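The values are calculated or read from the model by the stated rules, or taken from the named source; none is laboratory data. It should be emphasised that the depicted structure is a prediction, and the values quoted were computed from it without experimental measurement. Don't worry about glycine lacking a Cβ; one is built from the backbone with ideal geometry, like all the others, and counts go over all protein chains shown.
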Amino acid sequence: MTVTTTGCYSDGKSWDSETSASAELKATVHAEKSVYLTILAAAGKGTKGKAKKDLKNTVFFFSQNAFPCSDCKDYFIEQSRSRNFIFLCTDDQGNYAKDWGLTAPPVPQAIFLRGGNTFFPGKVTSTVTTKAPAPGAGVNSRWVSTTSTVTTMNAINPASCTRPAGFPDCPPFPT
Ligand SMILES: [Zn+2]
């Protein structure tokens, strides 16, 4: 089974830098991460790790035939502490919806990530993720997730999908 992701980003007016990638299950670099890294370059992340511009109000959009796997979920939730993401999951290939606390959800489903939180539009939020320092480590050490809860969500219509409070403006989902 192959995960195929199409992604782009917006600063509020239009979607830009549409990019696609596919990756087999067990691939070293997963499709969504591959697309994200490609888009980052276009969105202003310098190649030497220096941001060319503030990306806090940038919305990154991904459409894919699977929910992000648990590794990608953790990665993007962490990234959402300073950026904004929308995942439009058009299918549940690989059964990763369970990693989001969902059993056989209707698709498509949209997932918004912002501030380290997960929002499922059409229904209430939510993932509550509590972060705490790894045991015995200093305050600057790697943070680990200690709590994660997700409520059931309804199917959504991408065209009428409303964004969570505080989420930056972005155009309607690209098709
Ligand atoms: Zn993944």
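Filtered by the rule that a residue be within 12 Å of the ligand (Cβ to nearest atom) and under 21 Å from R83 (Cβ atoms), the stretch 4-40 gives T5, A21, V29, H30, A31, E32, K33, S34, V35, Y36.
Of all residues in the stretch 93-104, those satisfying the criterion of being in a loop (DSSP other than H, G, I, E, B) and surrounded by fewer than 20 Cβ atoms within 10 Å (Cβ to Cβ) are G101, T103, A104. The residues of the stretch 1-31 that are under 18 Å from Y75 (Cα atoms) and exposed (fewer than 15 other Cβ atoms within 10 Å of the Cβ), listed by number, are L25, K26, A27, T28, V29. The condition of being over 24 Å from A165 (Cα atoms) and modelled with pLDDT of 90 or more holds for only one of K73, K98, that being K98. Tell me whether the stretch 76-92 contains one or more residues that are within 12 Å of the ligand (Cβ to nearest atom), more than 16 Å from G7 (Cβ to Cβ) and either at pLDDT 90 or above or in a loop (DSSP other than H, G, I, E, B) (or both). The answer is no, given that none of the residues of the stretch 76-92 is within 12 Å of the ligand (Cβ to nearest atom), more than 16 Å from G7 (Cβ to Cβ) and either at pLDDT 90 or above or in a loop (DSSP other than H, G, I, E, B) (or both). Of the candidates T58, T146, T129, T125, the single residue that is more than 16 Å from the ligand (Cβ to nearest atom), in contact with a Phe, Trp or Tyr (Cβ under 6 Å, 6 or more places away or on another chain) and modelled with pLDDT under 80 is T125.
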